[in-house]
Amino acid sequence: MASRVNRPTLFQRTLGVFVVLACFLCLLLWLSRGYVQRQIETVYVDTHRLAALRTFEHAIVGVKSVPNYNPPTADQIRSRFSFCADPLTRRDRKTVSAEDRKKNPCAHASAAEELACYVRTINAKLNAMGGEGRTDRDRLLDEIYVVDIDKWADAIERAGPTQTADVPAQVSAPDTGRKLTCRDAFGAARDLAARDGRLLEQLAWRERTARKIVIGHFTPGQTVKVSDRLLEQRNPWGGVPGCIYYGEASAEARLMFVSDRRLTNRDICGAMRPAGIDEKNLTGVFRKNEMSGVEARDTAWTLPESLEVILGDLENIRLPWKAIYRAYTEEAEDRGLARVQFSPTIPIAKPHGPNQLEWRKRKVDIGYNVHLTIDAATQRVVQQAAACYTGDFNACKHLGLTGDTKFTEFTRDMYENAAVRMAGIAVIDISTGKIEALGSAHSGCYRQEYDGPGRNVSDCPDLPSTPHYEPDRLLNHALFTDAMPGSVIKPIMAAGFLRDPKYRARLLGDRVSGDFTRLQDELKNSDSVAFLNRMFCKDRAWRDCERARDVQHAAALAGWNLGCSDKSWHCGRLDVLFGRPSRERMRDDSGRAAPGTSIMHGRLLVEPAPSTQWLDYQLVRDFSFKPQLASACSRGAHYRGHAAKAGWRKCKGGHFVNLASEGWGQGNARATPLGVAGMLARLAAAANGQPALRLPYLVERISDVKGEIFDVADQRFHLADPVKIEIPREHAAHVLNGMLSHKASGFPRGTRPGTARSACVRVFDVAECNGIDWIAGKTGTPPYGNDYLTLAAIKKKCGVSESDVPVEERHEWLASCGRERPYKWYAAAFKTDDKQTGFNKAIAVLTERNWHNAGPLAGKVHSPGDQGEANASAELAFRIIAGIRARH
């Protein structure tokens, strides 16, 4: 009889699988240990500097604990530091020049006098942090502190090798083992006193620290702690990133550089600053969530949102450990690598050579610097306005709107007390094409909608869409949020109509008053029916019509439809860094695209390319249509609603419906705030008589450690050439004169009211709005199927299954219950000074409208249609324009 085999139980099998997996995981970790870089190896701390700063930890004491405390004098310093073996006690160390004293107010020929000045500066800052005159209510100290000279000197005398001065032994640093000297102490005092003692705000104070942390990290009698993170930075032997500068680079103006709250790159960015910039005018800027101090809160508004994403491609040359950086700074034979090339005969780059700076007694590789076109003052106004309108009370305080009765009454009845849910704003200098501001903000409810569920944001409207994770929708809205342009395409359409010489003569002769044409009146009043009748040639009985093609050509002259000649995903897109079509190749002999940041600029009268698996678009080529289709659409033959709204609604006719949708600024038409501002900038530049203008660009130049421009124009990173302006000057001027959309009915005589009239009156007064001739603007309202419906009605409408919706209504149902957003546009060219002869700035604002939470309109979206409540985008733009003009 065969013996019975004992098979393993299910538990034994499971246990065996876990043992095998555990062994495999251990083996994998052991094999990969050489590939996983330990974080500590990338960290560098100047241990001597840190140890010297820590001599103050027991020397900073409460002023009440030092009877009869007097500010230190030079004689006291000499007496107390008589043990010093270095030149600290000499009376005449050097001669101090006026330039040295300008950079360092404490600079003195006597080292003792200088050190006494540093200590007095530290005491003054400590007094401000704990005294009655404190301005930063988030960093208050309950007591006034001072530096006890005796305790400080004792700490320096006792200090042995650097490692004994409470410096973590695991961090890597040179020269470990050397004793502290009086010279080290001198440097520590200078560091604490620099910039009026700002470093003191970043120390850990016993009275501001949780008790359980105090027990583990503070010794008895210790009032303050200097963290090693205070001086922590990337290992300099791996190189130091280049700086990002922006602001006005002039002797008087402030130049900003992007930093962190510890300003760890201040010395580097100061050493590489452009020629003619005084170091005192160099300001480090960091995000609002990293702020400390009033000045930081103010300067944080000047930093565009999502900058790290926008400049992502430039990290290849800004970070010295990137391969492309090495291609510029090293010869091929030095690397032992073959030269990277565009083609077998043309190299990728002519090397710049070493880009190094003498820093901390060593030559260190430094990344190339990026200089942005952002104007700090304009960006501050734009960003504060965007934040205020999306519900940021502090931003409204900065703008002075908390006391504005009209604004307060308006926002009081809105969800989150926000005028809008989202705002994207772009400002462009018309003479150069420089992007001067990129404003972006959204409310908490908007963030929850795209940042995933469970964010616990209260007071949100009950929308048909549910929160879902789509983080790209939270990036800078001036660049990354595109929408159907709606009526802001009407300036393009008007410019297209004027291309036909015979028709132009009729347009210029058909007047509603002595100095205003009917076309200008239709533009001012945003008469979409009249514009569509013109586009499809009602005056010719809808026959032999090529005006849609003229409009398409006018869009190209305005800077839209870039790269749409052939089918491409890049159709209508722009490289915002350097102002060139995003699909532009690096060179004619290369199929590779140049680095940059691709954003939607603008497209109009384009269509999806047939038979492609990607979302490729191309220019519409077939503009033919049957006259009877256009005639029926113009009459509103298929519309069953109010007769006054019948024209060009509910069109039918296949391909013709797509063409008509484009004429509404709908269909496949798309633009971002930057794209709309860029379009108006080209139109205004044509009216000014400029021969050429660059497409909007963000990067002014790239520089090396000497502050000199690194010319890479024929390589990878370069600013595109200006594009010739081909819009006739008189056509552009005629269109802009019709865009005085803030004027009332009868201004000029016989005309209808402008669509931005209500918004203008909210910001300015009635008389001023009627007299303004320095703003040429246009509103736009993309379609939204839920206008005039309450949230309850929308929920009922969108709560049914798609299969229960009639087939003929299904397309509209899908749009209004999912894809459409309640957007509003406003775009304008304006003058910052009445003395100017032409417009010099262009602005575009895109907002997502908010919902009424209370009052007679509770549950409805704000500002339905074109002629109802004040257009929030226009109101926001007017406030920004007023703010910009106020500083000129």
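The values are calculated or read from the model by the stated rules, or taken from the named source; none is laboratory data. Model, not experiment: these values are computed from the prediction. Note: ideal-geometry Cβ built from the backbone for every residue, glycine included; neighbour counts use all protein chains shown. Ligands, DNA and RNA are excluded from the accessible area calculation, which covers all protein heavy atoms including side chains. Shrake-Rupley method; radii C 1.70, N 1.55, O 1.52, S 1.80 Å.
What to note about this one:
- Overall shape of the stretch 797-888 was characterised from the C-alpha gyration tensor. The equivalent ellipsoid obtained from it has semi-axes of 39, 16, 9 Å, in decreasing order.
- Computed from the C-beta positions of residue 788 and residue 465, the FRET efficiency with R₀ = 25 Å rounds to 0.85.
- Computed from backbone phi, the HN-Hα couplings of the stretch 59-69 come to 8, 8, 10, x, 4, 5, 7, 10, x, 6, 5 Hz, rounded to whole numbers (Karplus: 6.51 cos²θ - 1.76 cosθ + 1.60, θ = phi - 60°; Gly and Pro given as x).
- At 1.306 mPa s and 10 °C, Stokes diffusion of the stretch 486-534 via Kirkwood alpha-carbon radius, µm² per second: 145
- Extension reserve of the residue 408-residue 814 stretch, reckoned as 0.36 nm per residue once the Cα distance is removed: 142.6 nm
- Gyration tensor verdict on the stretch 668-815 (Cα atoms; rounded if a/c is under 1.5, prolate if a/b is larger than b/c, oblate otherwise): oblate
- Each 5 Å bin from zero holds the following percent of Cα-Cα pairs in the stretch 716-801: 3, 11, 14, 12, 10, 10, 11, 10, 8, 6, 4, 0.
- Here's the picture: a label point sits 7 Å out from the Cα of residue 217 along the beta-carbon direction, and within the stretch 192-207 the residues with their amide nitrogen under 17 Å of it are 200-207.
- Entry comment: accessible area of the stretch 522-668 is 44 Å² per residue, from protein heavy atoms only and a probe of 1.4 Å.
- Residues 322, 778 ordered from highest to lowest accessible area at a 1.4 Å probe: 322, 778.
- 20 Å reach of a label modelled at residue 726, 7 Å along Cα-to-Cβ, counting backbone N of the stretch 652-692: 678-692
- The stretch 408-494 shape via C-alpha gyration tensor axes, a/c threshold 1.5: prolate
- Distance in nm between pseudo-label sites at residue 621 and residue 18 (7 Å out along the Cβ direction from Cα): 6.7
- Of all lysines in the structure, the ones whose alpha carbon falls short of 28 Å from that of residue 626, not counting any fewer than 8 places away in one chain, are 490, 502, 538, 567, 645, 650, 652.
- Cα-based shape type of the stretch 500-586, given that a ≥ b ≥ c are square roots of the gyration tensor eigenvalues and the cut on a/c is 1.5: prolate
- Relative to the current alpha-carbon distance between residue 64 and residue 104, full extension at 0.36 nm per residue lengthens the span by 11.3 nm.
- Debye-sum result for the stretch 594-744 in log10 I(q)/I(0), which assumes one identical scatterer on each alpha carbon, at q = 0.20 Å⁻¹: -1.28
- Viscosity 0.890 mPa s, temperature 25 °C, Stokes-Einstein D of the stretch 388-543 from Kirkwood C-alpha radius, µm²/s: 125
- Relative packing of 521-534, 719-732, which averages over residues the other C-beta atoms within 10 Å, highest first: 521-534, 719-732
- What the pair-distance distribution of the stretch 622-703 shows, using all Cα-Cα distances binned every 5 Å from zero, is 3, 12, 15, 14, 11, 11, 12, 10, 6, 3, 2, 1, 0 percent.
- Burial order of peptide ranges 659-665, 619-625 (average beta-carbon count within 10 Å, highest first): 659-665, 619-625
- Modelled FRET efficiency - R0 51 Å, residue 142 with residue 692, Cβ distances, 0.05 increments: 0.20
- The packing ranking, built from the mean of other Cβ atoms within 10 Å per residue, places the peptides 638-645, 650-657 in the order 650-657, 638-645, highest first.
- Three principal axis lengths of the stretch 632-678 [C-alpha, angstrom, descending]: 37, 24, 12
- Carbon and sulfur %, accessible surface of the stretch 738-868 computed with the full protein complex present, 1.4 Å: 54
- Solvent-accessible area per residue, Å², over the stretch 748-888 with all protein chains present [probe radius 1.4 Å]: 40
- Gained length - residue 834 relative to residue 807, 0.36 nm times residue gap less alpha-carbon distance: 4.1 nm
- Rounded accessible area of residue 393 (nearest 10 Å², 1.4 Å probe): 130
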